[in-house]
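The values are calculated or read from the model by the stated rules, or taken from the named source; none is laboratory data. Keep in mind the model is a prediction, meaning the values are calculated, not measured. Glycine gets a Cβ as well: all are built from the backbone with ideal geometry, and neighbour counts include every protein chain shown. Heavy atoms of the whole protein, side chains included, go into the accessibility calculation; ligands, DNA and RNA do not. Shrake-Rupley method; radii C 1.70, N 1.55, O 1.52, S 1.80 Å.
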Amino acid sequence: MACMHVCPTHAIRVRMRKATLLRDRCIDCGECVNACANAAVLPQTSSFRDFARFKHTIAIPSPVLYSQFGKDVPPWAILAALKRIGFNDSYDAACASESVSIAIQEYLDSVDSPRPLISPFCPAIVRLVQVRYPNLLEHLIPIESPMEIAAREAKRLAMKNRGLRESDIGVIYITPCPAKALAIKNPSRKKHSFVDGTIAISDIFPNVLQALPDVLTGETGSEILGLGLGWPIVGGQVACLKAEDCLSVGGLDHAVRIFEEIENGKLRDIQYVEVHSCPTACVGGSLTAENAYIARGRVLKMVQRFGGKPCQDREKIRELYRKNFFSLPGKIPPIPIQPLDSNVSKALGKLQQKQELYESLPKINCGACGSPTCETFAEDVVRNTADTDDCIFIAMKNFETLSANLLEKVMAHSKRVRVMNPASQL
Amino acid sequence: MSASFSRSFTIEGRDFLNAGRASTQIKTILKELSVDPAIIRRVAIASYEAEMNVVMYATRAKLKFTMSASAINLEIDDEGPGIPDITLAMQEGYSTATSQMRELGFGAGMGLPNMKKNSDEFVIESAVSKGTRLTMTIYIN
């Protein structure tokens, strides 16, 4: 039941003692993965065996991975360790984050679209907009994620330098959360992702940890530079932008409040809103290994040490931007909730029924009926996926009425018996 | 008679903490009914601006939301100071907001004009030191 209560979009029901998912309401945030005590909810990541079909594998770690080890472990060493544990190559994505930041700035400076623009890089946030805020789809900035940009670049380089075919190369993203893993399987806007599989940071963490001592004593590498290193924490994206009037938001509850305001026509003077479904942004993803606040501290230190020098030539990136290098093809479609009824009059009638039923419920959101709140229960009854009797309070009341009626009948019957048999002592 | 659904909300003046709650609930209802997002947006802006006006200027108000198959109706009836000059109040940029309200990001003088812009029918009646009554209708088709 924990998963049902923790789900921010009320997408889980417990029926016949099993949790079921209303897919059109799920935003892939991963809260249920963390909440489940029975490990019944598993993230859809890949296993090493899935990659045997590729001749050449490239690991692209989310820059969150750079914050999972001690403060003396530089990002280059982590990239080197990934090569020691079985990947043919590894490729940094923090530098791509810097490029994407430059592209965002260009977009803000040149495109006159409804403000504020919303960052589309947290897949759970994108789905939240698709499901609950279709009005705000046009606010999502149509720029490709650093993960996709890095994957495309890594593939292009491997094809050019090693003479490989695209189908020979497997790009594996080391992910901090299940939302990214699902976004790769099912990208919201286009048919194909440049990433071929995902592995959870928490799964690969022990292997990297084991390989690190050898790397640190036997190798040297070039530092990863730039403000892109700060992307995994709240405010990391905005820190890369020149634009003033930007917001950074972490946590679904806060995201919802900001989206309500934008929908009400407020915040028009804000240029850009960076939004993360996790309160501490990606370092707080459910598939990470390190405490989110410790990881955050390490990211801040890294930005302090290496952020000052850019890793990209700004002019080159601006030119690539003009050639649509960063553009996301296609539009993000809304994911409408199934209406109560396809006929508006009937739907209004059902809404009335729902409200009346809701008024008769205890409103304590106990969840014993298998729906997360009394309101969702009323909706489920109107939609015919639950029975009023599933509410234990209603069932008890019904039982009381039933037993009172029964008692009355029994009494009436015994009276008749007495009348017929005057000798009875009753 | 065709089916309709209605719901009433009470809005308290000065209650900035709960300001916007009625319009949020109205939006939730409209989304549940799969109303066109463009219409939801107009209803959202109209109801939110009306709600904010009550919170900022009036003592309290009743907001009644009614929806039928063809239209959405918003009725906001407040107890408050009333508006002495409605023509002036309807002008874009005219506001009687205090500097404190302006610091909170309100008082741009766009409330009433925005409500009118976003509704198909807009009726405003007001009596000084009694209150103001707004009726807004947004057609669905």
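Taking (1) more than 26 Å from residue A:6 (Cβ to Cβ); (2) touching a Cys at 6+ places or on another chain (Cβ under 7 Å) in turn, residue A:377 satisfies each apart from (1). Has region A:314-336 got any residue that is among the acidic types (Asp, Glu), more than 30 Å from residue A:21 (Cβ to Cβ) and not in a loop (DSSP other than H, G, I, E, B)? Within region A:314-336, one or more residues are among the acidic types (Asp, Glu), more than 30 Å from residue A:21 (Cβ to Cβ) and not in a loop (DSSP other than H, G, I, E, B). Quick check on region A:313-348: of everything there that is more than 14 Å from chain B (Cβ to nearest Cβ) and modelled with pLDDT under 90, which residue is most open to solvent (accessible area, probe 1.4 Å)? If we take residues in region A:313-348 being more than 14 Å from chain B (Cβ to nearest Cβ) and modelled with pLDDT under 90, then A:329 is most open to solvent (accessible area, probe 1.4 Å).
For residue A:124, the criteria (1) more than 18 Å from the chain's Cα centre (by Cα); (2) part of a helix (DSSP H, G or I); (3) within 28 Å of residue B:37 (Cα to Cα) hold in every case but one, which is (1).
The set of residues in region A:110-122 being out of contact with any strand residue (DSSP E or B) (no Cβ under 9 Å at 6 or more places or on another chain) and either modelled with pLDDT of 95 or more or among the polar types (S, T, N, Q) (or both) consists of A:110, A:113.
Would it be correct to say that residue A:138 is under 21 Å from residue A:327 (Cα atoms), acidic (Asp, Glu) and within 14 Å of another protein chain (Cβ to nearest Cβ)? Spelling it out, residue A:138 is indeed under 21 Å from residue A:327 (Cα atoms), acidic (Asp, Glu) and within 14 Å of another protein chain (Cβ to nearest Cβ).
The residue that is least open to solvent (accessible area, probe 1.4 Å), counting only those in region B:7-29 that are part of a strand (DSSP E or B), within 29 Å of residue A:336 (Cβ to Cβ) and more than 11 Å from every other protein chain (Cβ to nearest Cβ), is B:9. Criterion applied to A:174, A:149, A:169 was being in contact with a Lys or Arg (Cβ under 8 Å, 6 or more places away or on another chain), among the β-branched types (Val, Ile, Thr) and modelled with pLDDT of 95 or more, and the one residue passing it is A:169.
Within region A:342-363, the residues that satisfy the criterion of being part of a helix (DSSP H, G or I) and small (Gly, Ala, Ser) are A:345, A:347, A:349, A:360. Only a single item in (1) touching a helix residue (DSSP H, G or I) at 6+ places or on another chain (Cβ under 6 Å); (2) not in a loop (DSSP other than H, G, I, E, B) is not met by residue A:258, and it is number (1).
Residues that are within 21 Å of residue A:61 (Cβ to Cβ), of a type in the set (Ser, Thr, Tyr) and open to solvent by 30 Å² or more (accessible area, probe 1.4 Å) occur in region A:86-95; there is at least one.
Conditions tested, residue by residue: (1) touching a Ser or Thr at 6+ places or on another chain (Cβ under 7 Å); (2) among the small types (Gly, Ala, Ser).
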{"residue": "A:11", "(1), (2)": "no, yes"}
{"residue": "A:17", "(1), (2)": "no, no"}
{"residue": "A:27", "(1), (2)": "yes, no"}
{"residue": "A:33", "(1), (2)": "yes, no"}
{"residue": "A:42", "(1), (2)": "no, no"}
{"residue": "A:45", "(1), (2)": "yes, no"}
{"residue": "A:57", "(1), (2)": "no, no"}
{"residue": "A:74", "(1), (2)": "no, no"}
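Do we have any residue at all in region B:64-72 that's open to solvent by 40 Å² or more (accessible area, probe 1.4 Å) and either within 13 Å of chain A (Cβ to nearest Cβ) or more than 26 Å from residue A:131 (Cβ to Cβ) (or both)? Yes, because at least one residue in region B:64-72 is open to solvent by 40 Å² or more (accessible area, probe 1.4 Å) and either within 13 Å of chain A (Cβ to nearest Cβ) or more than 26 Å from residue A:131 (Cβ to Cβ) (or both). When the criteria are applied in full, residue A:208 fails the requirement of being touching a Lys or Arg at 6+ places or on another chain (Cβ under 8 Å), among the hydrophobic types (A, V, I, L, M, F, W, C) and under 16 Å from residue A:69 (Cβ atoms).
Filtering region B:30-52 to residues that are farther than 16 Å from residue B:112 by Cα, of a type in the set (Val, Ile, Thr) and more than 7 Å from chain A (Cβ to nearest Cβ) leaves B:35, B:39. Residue count for region A:366-380 satisfying the condition of being open to solvent by less than 20 Å² (accessible area, probe 1.4 Å) and either in a loop (DSSP other than H, G, I, E, B) or among the acidic types (Asp, Glu) (or both): 6.
For every residue, the table says whether it meets (1) open to solvent by 50 Å² or more (accessible area, probe 1.4 Å); (2) outside any helix (DSSP H, G or I).
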{"residue": "A:184", "(1), (2)": "no, no"}
{"residue": "A:194", "(1), (2)": "no, yes"}
{"residue": "A:212", "(1), (2)": "no, no"}
{"residue": "A:223", "(1), (2)": "yes, yes"}
{"residue": "A:243", "(1), (2)": "no, yes"}
{"residue": "A:249", "(1), (2)": "no, yes"}
{"residue": "A:266", "(1), (2)": "no, yes"}
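Scanning region B:119-141 for residues that are in contact with an Asp or Glu (Cβ under 8 Å, 6 or more places away or on another chain) and either open to solvent by 50 Å² or more (accessible area, probe 1.4 Å) or not small (Gly, Ala, Ser) (or both) gives B:130, B:132, B:133, B:134, B:135, B:136, B:137, B:138, B:139, B:140.
Residues checked against (1) in contact with a helix residue (DSSP H, G or I) (Cβ under 8 Å, 6 or more places away or on another chain); (2) surrounded by fewer than 22 Cβ atoms within 10 Å (Cβ to Cβ); (3) not small (Gly, Ala, Ser):
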{"residue": "A:8", "(1), (2), (3)": "yes, yes, yes"}
{"residue": "A:15", "(1), (2), (3)": "no, yes, yes"}
{"residue": "A:18", "(1), (2), (3)": "no, yes, yes"}
{"residue": "A:25", "(1), (2), (3)": "yes, yes, yes"}
{"residue": "A:47", "(1), (2), (3)": "no, yes, no"}
{"residue": "A:50", "(1), (2), (3)": "no, yes, yes"}
{"residue": "A:62", "(1), (2), (3)": "yes, no, no"}
{"residue": "A:66", "(1), (2), (3)": "yes, no, yes"}
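In the condition set (1) within 14 Å of the chain's Cα centre (by Cα); (2) within 14 Å of another protein chain (Cβ to nearest Cβ), residue B:106 is compliant with all but (1).
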